[in-house]
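The values are calculated or read from the model by the stated rules, or taken from the named source; none is laboratory data. Just so you know, these numbers come straight off a predicted model, no measurement behind them. No Cβ is skipped: glycine too gets one built from the backbone with ideal geometry, and neighbour counts run over all protein chains shown. Surface areas here come from the heavy atoms of the whole protein model, side chains and all, with no ligands, DNA or RNA. Shrake-Rupley method; radii C 1.70, N 1.55, O 1.52, S 1.80 Å.
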Amino acid sequence: MASVAYIQGVRILPVTTLVLFIGLAPTLPAWAHSFGRITTLPVPLWLYQYGVAAALVTSFMVVAWVVSRPLIAWADARRDISASPAIRALTHPLTVRTLQGFAVACLVLAIVSGLLGARNPYQNFSMTAFWVAFVLGFFYLQALLGDLYRHLNPWRTLCEWAGHVAPRLFAGVVPAPQRFGHLPALLLYLGFIWFELYGGHTPFATAGFLLGYTAINLLGAMLWGLPAWFRYGEFFAVIFTLVSHLAPFESRDGRIRLRWPLAGLLSARVEGVSHLLIILFMLSSTAYDGLQATLPWLRTTWAILRDVLAESLAADPAGAYALLQSSFGVYQGAGLLVSPFVYLLAYAVALKTALLLSASREPLRDAMLRLGMALVPIAFVYHVAHYYTLLQVQGVKLLPLISDPLGRGWDLFGSAGWFQRTGVPDPMLVWNVQVGLILAGHVAGVFLAHLEEQRFRSGDGTRRIITAQLPVLLLMVAMTSFGLWVLAQPIAPSR
C-alpha cells in the first residue's frame, strides 16, 4: 500500500519529466503549504494508475469512433443573453465602474496592509487577498464566468484613469515588435513564479511586488500603448484569458453569449511559441511544486550535490554546508527557467511522431500551435487539484481579515471573529477529488484534440485521424500515471 501525504495541495508531475528528469519550478509560496497529514491509500497505487489509464484510453476510443464530424458545429453555437435583466444589470456601465473601483481599492489596500500591517502572513490582509483570493480564486472564477478580468483588471483601470487626465500618455511611444509576441508576459510570468518561491513569503515582500508590478504595467502601457501591453505584456491578463476559454460565457463586441463549456478553446488559437510556452509553464511550474517537496526528490537532489561537491565537503565540511545551500538554490532556479522548454520538447516529440505516423506534411510548429489549446484544460485541472484545498481553508479567512486588514485587533465590520478554527480536509476525499480532476482534464484534452484533428483533417479517413492522435494519447497516459506516482510519495517534513 502506498502512503500519501497532503501539504495543502496536490503533488503532481506530468510526463515531461520522464523525458528529461530535471528540476522544474514551484508555484505558490511555501507558507501556503502549512499543514500535513499522512494516510494510506485503500488500494495499491498501481491500481489507480491502471484505472486512470484505462479510463483515458476508453474515452479516447469513444471519442474517436462515436463522435462524428458534425459535432464540431457545437463549438460555433452561441446564444445571445445580453437582453437578460440580470446580464443587463451586471454589464451596466455604473456596475462595471463600481467593480473597477472596488478592484483598485483592493489593490491599494493589499499594498498598504503589506507595508504597514502585521508581519504574520496569516494576520495580514495582503497575503490572503492577493495569493488566495486573486491568484487562485479569481483565476478559477474566470473558468466559470468568462473573461471578467478584461473588464476589471485594476492595473488597466489605473492606466485608463490616468489616460483621462493625459489622453496621449498611453498612446504608445514605439509599436510592439511583432517578433516578440507574448515574450514580455512569459518573462514576467517566470519572474513571478521565482518570486513565489524565493521572495513572496512575507506581507512586506508582497506589497513590494505589487508596487513594482504596478510600475511595470504603467511603463509598459506608456511604451507600447495600452491595448498592446495588456494583450502581450501583462501576464495575468494572458493566463486569465486562456482559462476564460473554458467558460460557458463569452463577452465580445459588447454582447454576452452563452456557449458550450470548452467551446471557446476550439475557436481560440495559440498565437506563437511564446504564447505556447506560457501554457506549458502553467503545467511545469505546478508540477514541480509537487515533486520538489517529496522525499525521493530531495534525497536524490542532495545526493547529486554531495557527489559534485565531494572535495569541498572533505576539505572544509563547515564551509561546504553554505556552498551546498547556495548550490541547491541555483539548481532550483535553473530548473525554473528550463521547465517550460522541457515540456516544449516532450510536446514536440509527441507531435513529430504523430506527423510521421500519419504521413502529414504539416510543419511541426504549426501543429504545435494548432493543438496547443487542448493543453489548457489539463493545466487548469492540475492547478485546481494542487491548490483547491488552500482556497477552501485559507480563502474563508478573507472575511475576518477584511475587518482587521492591518492585524491591529480591529473589528470594522463585525467579522473579525469568524472562521478562527482551521479545518483540515479529509485526506482520502482530497485524494479522490485530485484523481478525478486530473482524469477529467486529460479526457477534455483528448476530446478537444480529436475535434481539432477532425476539423483540420476533414479530408482524411478515420483511421488516419486516429493514428495521428496515438502519440498524444500515450503522452497523456504517461502524464497521469506519473502524476499519480508523485501524488502518492511521502512528503518531506520541511522544504
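Numbers for the structure displayed
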read-out	value
Among (1) under 15 Å from Ile239 (Cβ atoms); (2) open to solvent by 10 Å² or more (accessible area, probe 1.4 Å), the one test that Leu280 misses	(2)
Output for the range 148-168, where each listed residue is part of a helix (DSSP H, G or I), in contact (Cβ under 8 Å) with a residue 60 or more places away in the chain and either surrounded by 15 or more Cβ atoms within 10 Å (Cβ to Cβ) or basic (Lys, Arg) (or both)	Tyr149, Arg150, His151, Trp155, Arg156, Leu158, Cys159, Gly163
Filter result (surrounded by 21 or more Cβ atoms within 10 Å (Cβ to Cβ) and either modelled with pLDDT of 80 or more or not in a helix (DSSP H, G or I) (or both)) within the range 455-476	Gln469, Val472, Leu473, Leu475, Met476
Selection from the range 84-109 of residues that are touching a strand residue (DSSP E or B) at 6+ places or on another chain (Cβ under 7 Å) and either surrounded by fewer than 16 Cβ atoms within 10 Å (Cβ to Cβ) or part of a helix (DSSP H, G or I) (or both)	Ile87
Hits in the range 110-122 (condition: in a helix (DSSP H, G or I), open to solvent by 80 Å² or more (accessible area, probe 1.4 Å) and touching a helix residue (DSSP H, G or I) at 6+ places or on another chain (Cβ under 8 Å))	Tyr122
Residue under evaluation Phe125, criteria (1) modelled with pLDDT under 90; (2) over 28 Å from Gly225 (Cβ atoms); (3) open to solvent by less than 60 Å² (accessible area, probe 1.4 Å), criterion not met	(1)
Candidate set from the range 239-263 (those that are in a helix (DSSP H, G or I) and under 18 Å from the mean Cα position of the chain (by Cα)); member that is surrounded by the fewest Cβ atoms within 10 Å (Cβ to Cβ)	Thr241
Residue within the range 258-271 that is at pLDDT 80 or above and under 19 Å from Leu188 (Cβ atoms) present	yes
Test: residue in the range 203-212 that is within 29 Å of Val381 (Cα to Cα) and open to solvent by 20 Å² or more (accessible area, probe 1.4 Å)	yes
Cβ pairs under 9 Å, 6+ apart, first in the range 252-269 and under 16 Å from Thr241 (Cβ atoms) and in contact (Cβ under 8 Å) with a residue 40 or more places away in the chain, second open to solvent by 80 Å² or more (accessible area, probe 1.4 Å) and small (Gly, Ala, Ser)	none
Residue list for the range 379-427, filter: open to solvent by 40 Å² or more (accessible area, probe 1.4 Å) and more than 22 Å from Leu109 (Cβ to Cβ)	Tyr388, Gln392, Arg421, Thr422, Gly423, Val424, Asp426
The lone exception for Leu336 - which of (1) touching a residue at least 60 places away in the same chain (Cβ under 8 Å); (2) outside any helix (DSSP H, G or I) it fails	(2)
Which listed residue, of Ala185, Ala215, Ala171, is open to solvent by 20 Å² or more (accessible area, probe 1.4 Å), touching a residue at least 40 places away in the same chain (Cβ under 8 Å), among the small types (Gly, Ala, Ser) and out of contact with any Cys (no Cβ under 8 Å at 6 or more places or on another chain)	Ala171
Set Ser285, Ser327, Ser274: member being at pLDDT below 85, of a type in the set (S, T, N, Q), in a helix (DSSP H, G or I) and surrounded by 13 or more Cβ atoms within 10 Å (Cβ to Cβ)	Ser327
